[in-house]
Each structure stands twice: as C-alpha cells, then as structure tokens.
1. Given the structure, is Thr40 open to solvent by less than 50 Å² (accessible area, probe 1.4 Å) and farther than 27 Å from Gly163 by Cα?
2. Within the group Gly145, Gly164, which residue is in contact with a Leu (Cβ under 7 Å, 6 or more places away or on another chain) and of a type outside the set (A, V, I, L, M, F, W, C)?
3. Could you say whether any residue in the range 284-292 is touching a helix residue (DSSP H, G or I) at 6+ places or on another chain (Cβ under 8 Å), open to solvent by 10 Å² or more (accessible area, probe 1.4 Å) and over 24 Å from Arg59 (Cβ atoms)?
4. Name every residue in the range 48-62 that is outside any loop (DSSP other than H, G, I, E, B) and either in contact (Cβ under 8 Å) with a residue 24 or more places away in the chain or open to solvent by 60 Å² or more (accessible area, probe 1.4 Å) (or both), in order of residue number.
5. So, in the range 157-205, exactly how many residues are over 19 Å from the mean Cα position of the chain (by Cα) and in a helix (DSSP H, G or I)?
6. Show the residue pairs that are 6+ apart or on different chains and have beta-carbon atoms under 7 Å apart, the first residue being within the range 75-97 and under 14 Å from Phe32 (Cβ atoms), the second being part of a helix (DSSP H, G or I) and open to solvent by 20 Å² or more (accessible area, probe 1.4 Å).
7. If I filter the range 241-259 for residues that are of a type outside the set (Lys, Arg), open to solvent by 20 Å² or more (accessible area, probe 1.4 Å), outside any helix (DSSP H, G or I) and free of Cβ contacts under 8 Å to residues at least 12 places away in the same chain, do I get at least one hit?
8. How many residues does the range 307-319 contain that are part of a helix (DSSP H, G or I) and buried (at least 24 other Cβ atoms within 10 Å of the Cβ)?
Amino acid sequence: MTPSEPSVAAPVRPWLLRPREGVQPTTSTELFFDLVFIFTITQLSDYLIEHPDWRGVARTGLLLALVWFVWVYTTWVTNWLQPDQGPVRAMLIGVTLGSLWLSAAIPQAFSRTGLLFAVVYVTVQVGRTIFGLWAVRGSPWLVDGFQKSLPWIAGTSVLVVVGGLVDGAAREAVWAAVIVIEVVGLSIGYPLPGRGRSRPERWMVEGGHLAERCSAFVLIALGESILVTGSTLTSHVDLVTSGAFLLAFAGSVALWWVYFARSAPAATEVIARAGERTGALSRVAFNYLHPVIVAGVIVTSAADERLLREPGAPTTTVAALLTLGGPALFLAGHAAYKALLWRILPTSRIAAVVLLLALIPACVGLGMPVAVCAALALAVTVAVIVTDRFRVRRAAQSRGPRSPLR
C-alpha cells in the first residue's frame, strides 16, 4: 500500500522489512508457526465437545478470540517484516513456543491453568509488539502504529492476568472485557492523549499476503475437523459409522468449496488492489470476520464428532445447535466477508443462514435422527454452492467477463 504522505526517515534495519512489490509469499517459517494452531483448533474443538452447553460455547468463544489475537497480530507483524531474517525468525519461533504452551493450557483455562494461560498470553503479545517496534525503527508510519498499539496491548494484557487470578464468572467477565477493549482499540486506531490515533491508510499493509494467510488458517481449521472425524471413526468402524463419516466429510468439503472455490483467490486480488483502503478492509476482514468463519468450523467439527458417535440418536437442542449452527455461523461470516469486499448483498448465504436457524426447532421438535439433521445442513450448504455457479454462468452470458463473486 502506498502511504498518503512521504516518508521523512529511512528504516534503521531495512533488511528486516518486506518489500512492497506484489503479493508477498508465505514463507516456511510462517507455515511452521501455523502448525501449532492445528493443535489449538483441536483443543478448542475438544473443549466444546466436552462442554456442550451455553457456558461451554461462551468459554470456547472467549478462548478462540484470545488465541486469534495471538495469531492475527503475529500475522500482521510478518506482513511488515521478513520472516526468514534471523531476528524475525527467532521471534516467530518464540511466539510458536508460546502459542504451543497457550494451547496446552486451553482445557483447564477456566480452572487451574488460567494463570498460566494469562502469563503466556501476556509474554507473547507484549514481547512481539516490543520486538516489532525495535525492528521497524526509522520507518515513521510503522513506528507510529507500534507505539500507539503497545500501551493498549500492555493494558489488555494486564487485564488478562487479572482474569487469570480470579475464578468462575469473574474470569469470564474480565476476559470478555479484554476482547471488547481490543476490538474497540483497533477500530478507533489505538488513540493516545496528545498523540492522536493510528490511521489505517498509513499502515503500509500488503493485503494479498494477509488474505492468503487467513485462507491458510481456515484450511487448518477444516483439516482439523477431518482429523476429528477420522480419529472418531477409528474407534468404532462399522457400516453405520462409515456412512456418518462420509456425511461429515462431505460437510467439510462443502464448507471448503464455499470459501476456496472462488472467494479465496478473488479476495486476495481485491485486497491486494485496495490502495489506501487496504488497512481498513484488512482490519475488518481478518481481525473481525475470519474468527467467525473459523468458529463455524470448530462448531461443525464438534457436531461431526457427535454425529459419528450417535448418528441415529434423536436430535437434541444441543445437537441441532451444533449441527446446523456451525454451518450457519460459517456462512454468516463468509457473507459478511463478501459484503465487505465486493459491496454486494450475498443473498444466497443470508437465505441459507435463515433456513439453517429455522431448521433447528424443526429437527428438535420432530425428533429427527442426528444424521438426518446433518444431511439437511449439507443440503443447504450445497444449495449455496449451486446458486453461486448459476450466478457465475448468468453473469458470463449477460455481461461478459467479470468478478465471479458479483
């Protein structure tokens, strides 16, 4: 992205900064960092499976948001810095270790490992930000962003520790407040008294790289959902469970198709060409909307595990919320993503979300087997895919070549 004002200083360590020439590739160091989050998604899915109630859902959401902050802020840093340069690579390996530790603390994060979770979170968030401030020294717009974000990140990190020191509902309330403050702080540009705020048009973002990185995280989440169903299948292989496995696998394929068949490459192109809007678009698309999409995958993964264990059981309220709510959450996040980038009303996804939510009381009231409920969720998702294909063909026939997502 081209800054709106000329640079008045030269970077002290220019070799640590990524060039701004086209979409920057994802490096092996970044992919190594991502590997930890396969374990993270597994931990979150397992937590939801073991706590299938409203409180369990809320706690899973809180943990996902905190973990997402670690991943996405690190991804922003590697959008500016060269991951394969020695100091940056060392920082990433340290964050990888911290993220692994953080993930290990997830199962008991609201009991005995809460303080450990908090301390590791603080170490990663504050340490990475201080490193970034050191690495971009001399680059005025980047320094300004790090200087203004550091007090906010340090402040929320203190609150995370406070949450780790209290128990029960108090911990939930404090960590929820952290998430709200983080979202608000980023939304208003981390303002400081006498210093103003950090404006997104100055963030020097390479949007194509961020789009590809977030696509990779969605793929990680989908891959983990397949691992969950595969491991469940191995514990009880028979004809009925194999049929349930095929249904769960088809559901994962359908979600992958919705996100990756056209949206992912087209989104990379749109964000890469957004100019001064890149920072603002990236903030909403990747910090706010993608965790909703990932949450949909996690909920669907928990539903798939239940499907394989009890495919013929009557659908309970919890089972319906997982089975139909997961795809609804995924499609809602993706609908918002499309609306943001292409400024269109994604009617097929909105209609699918409404239908999936309407099917929840119907499946429970009629006592449908869980497998039938899952088949309905799959049918709705496939309908979105088919609708997209018809729209692409109509657009090509009536108006000639254009974006496949319009």
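1. On the way: open to solvent by less than 50 Å² (accessible area, probe 1.4 Å): yes; farther than 27 Å from Gly163 by Cα: no.
Spelling it out, it is not the case that Thr40 is open to solvent by less than 50 Å² (accessible area, probe 1.4 Å) and farther than 27 Å from Gly163 by Cα.
2. Details: Gly145 fails: in contact with a Leu (Cβ under 7 Å, 6 or more places away or on another chain).
Exactly one residue qualifies, and that residue is Gly164.
3. The answer is yes; a qualifying residue exists.
4. Hits for the range 48-62 are Leu48, Ile49, Glu50, Trp54, Arg55, Val57, Ala58, Arg59, Thr60, Gly61, Leu62.
5. Looking only at the range 157-205, we keep the residues that are over 19 Å from the mean Cα position of the chain (by Cα), and these are 157-174, 177, 188-204.
In the following step, the residues that additionally are in a helix (DSSP H, G or I) were identified as 157-165, 168-174, 177, 200-202.
Qualifying residue count, the range 157-205: 20.
6. Pro83/Arg89; Met91/Phe131; Thr96/Phe32
7. no
8. Number satisfying all stated conditions: 3.
The values are calculated or read from the model by the stated rules, or taken from the named source; none is laboratory data. All values derive from a computational prediction rather than experimental measurement. Using ideal geometry, Cβ is built from the backbone for each residue, glycine included, and neighbour counts are taken over all protein chains shown. Surface accessibility is based on the protein's heavy atoms, side chains included, excluding ligands, DNA and RNA. Shrake-Rupley method; radii C 1.70, N 1.55, O 1.52, S 1.80 Å.
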